[in-house]
Structure formats: C-alpha cells, structure tokens
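Structure first, then comments.
Only the coordinates and a few stated rules stand behind these numbers; no lab work does. This is a predicted model, so every value here is computed, not measured. Cβ atoms come from the backbone with ideal geometry, glycine included; neighbour counts cover every protein chain shown.
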Amino acid sequence: MYDAPLFGSAERRELPANVQAELAVLGSLLANNRNLDVCSALLPEHFVGEGLGEIYLEIRSRVQGGRATDAVSLKGKFDQKLLAQLLSAHVANNVVPEYARAIVECAGRRSLFEAGQRMIDGAADGLPLHEITAYATSAIEAVAGDLSVGSSPSPLTGLNTFLAIETWAEREMPPPDRLLGDLVTTTTRMFLVGSTGLGKTLLALALGCGMSSGQGFLHWRSTRAARVLVIDGEMPGELIRQRAIDALRRAGIVPKPDHLMIYARDQEDDFAERFPTLGPMPPLNTEPGTNWTLALIAALGGVDMVIFDNVMSLLVGIQKEEEAWAGALRLVQRLTAKRIGQIWIDHTGHDGGRQYGTSTKAWRFDAVGIMLPLAANQRSPHEIAFTLSFEHPGKARRRTPDNWQDFETVTIRLREDRWTSEGARIVPRGPAVTVSPQAKEFHNALRASIGKSLASGKLTRDEWFAECTRAGLVTAIEDGDSHAKRDAKRALFRKHLATLKRAGWIAVDGEIVKDLTGDSR
C-alpha cells in the first residue's frame with residue numbers, strides 16, 4: 001500500500017493481489033504435479049502470500065528434477081497447517097490455467113503501480129522526460145512479456161536426450177522398497193482375485209500385518225515396517241473388529257503403532273461426523289473419490305501401501321464394462337506417482353478361474369494373483385485353504401530369474417489359527433543344469449560367508465557379493481561408480497546366482513539367499 005498519491009489521486013490504493021488463487025494453484029500442483037505444465041508463466045516473485053513463493057519454487061524445482069512432490073514430501077520444510085490449507089484450496093485441473101493467469105495479471109498490475117509511482121516521482125524530481133518515457137516503455141513491455149509466457153509452446157530443448165535409451169541406462173532410480181519381497185513394493189499394482197468366501201479379506205489383513213510389523217508374511221520377507229491403509233467397502237464394523245482381533249493374534253508380532261489402519265465404509269457416517277473436512281468416501285472411480293483418498297493419506301501423514309477391499313464395493317457403475325474401472329485409473333496412477341503400493345481385492349467371474357469383468361482391468365497392473373479353492377479331499381474341514389497363482393490368467397510382470405520364488409504357485413492354509421504355505425521352494429525344471437567350475441567357486445563363497453554368519457544356512461545377496469569380492473571373483477563396487485558400471489560389475493554374480501538357482505543348489509527370497517545343498521554336493 002502506497003502513502004503517496006498515485007496519478008494525482010489523494011486516495012491510498014491497495015495493491016492488487018489474489019491470495020486465494022495462489023493457494024488454489026499451489027494446492028492443485030501438490031494434488032497433480034502435471035498442472036505445472038500450464039503454469040509456465042508463473043514465477044516465485046508473482047506470489048504475495050507469506051511463504052507461498054518459496055513453496056512454489058520448491059515444487060517447481062522438485063518436479064522439474066523428476067521427483068514426485070506432494071504435501072507429505074514437503075512436510076519437513078514448510079508449515080504443516082499451511083500445507084493442509086493448500087490441499088483444501090485445490091481446484092479442478094481445467095481451471096488451474098485461469099487461476100495461474102490471475103496471479104500473473106495481479107503481479108503485472110502491481111508492477112504497473114510501482115512503475116507509475118516511479119514516473120510520478122521522476123517527474124516531480126525533474127528527471128529528463130526521455131528517461132521517464134524510456135522507463136515507462138520498458139516497464140510496460142516487461143509486464144506484457146510476463147502475460148505472453150505460456151500462450152505459445154516454447155522449444156523443448158533436451159527432449160531427445162531425456163528420452164534416449166542411454167539416458168535411461170544411466171538414470172538414477174530409487175531401489176525397490178520391498179514390503180513383501182519382490183511381490184509387493186511401494187510401486188506395486190496388484191490384483192488379488194478369488195471367489196466369494198475363499199478368504200481374500202483374511203489374506204489381505206494377514207499381508208497388512210506382515211508389512212506393518214516388518215516381519216513379512218510366510219516366505220515373503222519385509223525389509224522394514226511399512227505404513228498400511230486398508231479401505232474396506234462392505235464388511236460391517238463388528239466383523240471388522242473381530243477380524244482385526246484375529247489377525248493381530250495370528251501375526252504374533254503386533255504392528256508398530258499407527259502402521260496398520262482400517263477405514264470402513266460401514267462406519268462412514270461416524271467418520272464424517274468426527275472428521276468433517278474429509279467427509280464420507282465417494283466412489284473411488286470418480287475424481288472426488290481420488291481426491292478424498294489422497295486427502296485421507298495426507299491427513300494420516302502418508303502411507304506405503306493401500307489395500308482396497310474390494311473393487312465391487314468401492315466403485316460405482318457396471319463392473320463388467322470398461323468404463324467403471326477406467327475411472328479408477330486416475331487413482332491408480334496418482335498412487336504410483338507418490339510411490340504408494342496398492343493391492344485391489346477383486347472377485348472371479350462365473351467360471352471361477354478368471355477376474356470378473358473385462359481383461360483390460362489388468363493391463364496397467366504388474367501382478368494378478370488368482371486364488372483357487374482346493375478340492376475337498378485336499379483340505380481339512382473348517383480350514384481356509386487355496387492355491388495362489390500368478391500364472392496365466394494371472395500376471396507377474398516383475399518376475400525375473402532372481403526372484404522367481406516370490407511368484408511361484410503356492411498352497412496357503414489357515415489351519416489351527418496359523419498361516420502356512422507349501423510349494424514355495426524352487427524345484428529345478430527341465431534337463432539337469434550343469435554347474436561350471438566358476439559357478440562352484442561362487443557357491444563356495446556363499447558357503448564360506450554363511451559359515452561366518454549367525455543366520456542358519458542363509459544370508460543376504462550383498463553379504464554374498466562382498467564375500468565374492470574378498471575371494472577375487474568379482475570387482476568391488478565403488479561409491480562413485482555409475483549405474484552402468486555397477487551393473488557391469490554385478491553381471492557375473494547374477495549369472496552364476498541364476499545357474500545355482502536353476503540347479504537347485506540355492507533358493508532366493510527377495511534379498512535373502514539360502515543354501516540348499518548341505519553337504520550333499
């Protein structure tokens with residue numbers, strides 16, 4: 001606000017600003033980083049709200065650097081209440097350009113105010129007229145330039161390099177964050193499919209307990225305790241309570257506090273009354289449903305995994321048609337961008353062996369596990385028992401020779417209040433595998449390292465690689481090595497690991513390697 005008269009007026013004038021538009025744009029950028037594409041004219045100095053310019057600069061720098069950015073990733077740097085205010089102010093993607101332009105126009109008007117004041121001061125102080133008019137012209141051109149930015153596409157410099165395969169080979173990517181071996185990571189998109197009453201929800205809660213406690217489940221191991229959110233769409237509250245009691249008892253190790261959370265649609269009225277800013281859950285295949293889920297996750301302080309139980313009860317529309325699931329892809333993609341894993345529980349079709357609805361549902365997923373009931377003569381009365389298979393019509397996109405066991409067909413039973421699995425051990429297939437003398441040296445290094453370890457017959461891949469380095473079988477990896485150089489140094493190790501695995505000499509479960517030979521070789 002200026003005290004001096006502007007253009008001869010004795011009134012004090014308030015500088016133009018639209019803080020509400022600034023909040024809305026920043027909230028929309030946090031909700032969808034792709035909105036930055038329509039904000040190319042915006043600069044940090046265009047924001048007048050306290051701290052908003054710094055937040056915009058941080059978002060822009062992170063997104064342009066290839067890092068997904070949301071309120072959770074910024075919580076250590078900026079005020080939590082302000083970030084929550086931004087999320088609540090976000091608007092639909094199609095109006096973000098209009099709000100961004102309003103911010104730029106307000107900034108332009110403020111620049112013209114300042115220029116006008118300087119022109120008046122210059123005239124009053126007797127500056128040469130040509131200097132005053134030159135300054136006025138440059139100021140107006142600068143404002144016009146700001147308004148024109150973003151109205152036409154700018155050259156996409158560096159596009160070819162960014163997309164080149166050699167750039168991908170050198171690109172630094174976060175290592176897999178394994179919540180259950182390679183089966184479930186923080187970028188996993190998995191369907192768990194089975195008929196009604198087979199035990200899908202029981203299995204889902206057991207998986208959640210395994211991830212949130214950090215102990216894993218059956219032969220799938222966790223590398224840390226993860227934060228897991230279960231969104232249940234159909235069970236009554238009293239049944240969820242009993243299932244929670246049962247799951248905790250069977251897990252043996254209680255999950256860390258606030259690491260396994262359950263939202264129940266059956267209790268949504270009570271939830272909405274207690275937390276009105278979130279309100280009841282909309283269908284998840286709608287934009288409000290996506291926004292609600294992301295707002296819940298942000299309010300919880302972030303999660304690593306969401307289990308949706310189940311597709312039929314959480315979506316709206318005719319489930320056998322593509323349109324119903326297509327609306328959910330918005331949420332699927334947003335979760336992956338935030339490195340949040342997801343497991344969607346779904347039903348089988350009429351034949352009992354395939355996922356219900358169109359096959360296109362699984363196109364953007366990397367795993368589809370099919371649960372099939374055992375025959376009556378293969379299970380005891382009153383036990384939950386089924387096979388879990390990722391073979392066709394299931395899917396296992398992340399399966400490799402190194403992690404095959406994580407995707408092997410297994411028989412899972414819940415008997416006498418205890419989960420067990422059978423058939424997870426690798427059995428060599430096809431003709432006998434010849435183990436070369438060099439592969440035997442790698443196996444000797446494995447056994448030597450196990451001999452030094454306190455673990456019984458097993459150790460991690462890194463421990464084995466370190467022993468191979470000490471034995472002179474591989475070259476040590478240095479801190480400054482590029483991704484390509486690290487990969488080249490590990491190539492021989494991976495080759496012989498795969499050979500020993502096919503030969504049945506070792507078993508590999510995520511990062512854990514177990515010797516299967518004893519003294520028999």
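The alpha-carbon of LYS485 sits under 14 angstrom from the alpha-carbons of these aspartates and glutamates, leaving out residues fewer than 8 places away in its chain: GLU166, GLU170, GLU172. Estimated from helical segments only, the mean residue ellipticity of the chain at 222 nm is -12500 deg cm²/dmol, where each DSSP H run of four or more residues counts as -39500 (n - 2.57). Of all beta bridges that DSSP places with both ends in region 178-422, some 45 percent have antiparallel geometry.
Annotation: peptides 21-33, 244-256, ranked by per-residue average of other Cβ atoms within 10 Å with the highest first, follow the order 21-33, 244-256.
Within the same chain, lysines fewer than 8 places from LYS256 are excluded, and of the rest, those with a Cα less than 24 Å from its Cα are LYS75, LYS200, LYS338.
Sort LEU388, LEU239 so the one with the fewest other Cβ atoms within 10 Å of its own Cβ comes first.
The most exposed by this proxy come first: LEU239, LEU388.
Counting neighbouring beta carbons within 10 Å and listing from fewest to most, the residues THR223, THR420, THR196, THR186 come out as THR196, THR420, THR223, THR186.
Angle of helix 237-251 to the longest C-alpha principal axis of the chain, folded into 0 to 90 degrees and rounded to 10: 60°. Working from Cα positions, state the angle (0 to 90°, nearest 10) between the long axis of helix 287-299 and the longest principal axis of the chain. Roughly 80 degrees, rounded to the nearest 10.
Could you name the lysines whose alpha carbon sits less than 20 Å from that of LYS440, not counting residues in the same chain fewer than 8 places away? Correct list for LYS440: LYS452, LYS458, LYS489, LYS495, LYS501, LYS514. The long axis of helix 19-31 is offset from the longest Cα principal axis of the chain by roughly 20 degrees.
So for the chain: antiparallel DSSP bridges make up what percent, rounded to the nearest 5?
Approximately 50 percent, going by the DSSP bridge assignments.
Using the count of nearby Cβ atoms within 10 Å as a rough guide to exposure, how do SER195, SER389 rank from fewest to most?
Ranking SER195, SER389 by Cβ neighbours within 10 Å, fewest first, gives SER195, SER389.
Both radii come from the Cα set of region 178-422: Rg as radius of gyration, Rh as Kirkwood radius; their ratio Rg/Rh reads 0.94. What does the C-alpha gyration tensor say about the overall shape of the chain? Classify as rounded when a/c is under 1.5, otherwise prolate if a/b is larger than b/c, or oblate. Because a/c hits 1.5 or more and a/b exceeds b/c, the chain counts as prolate.
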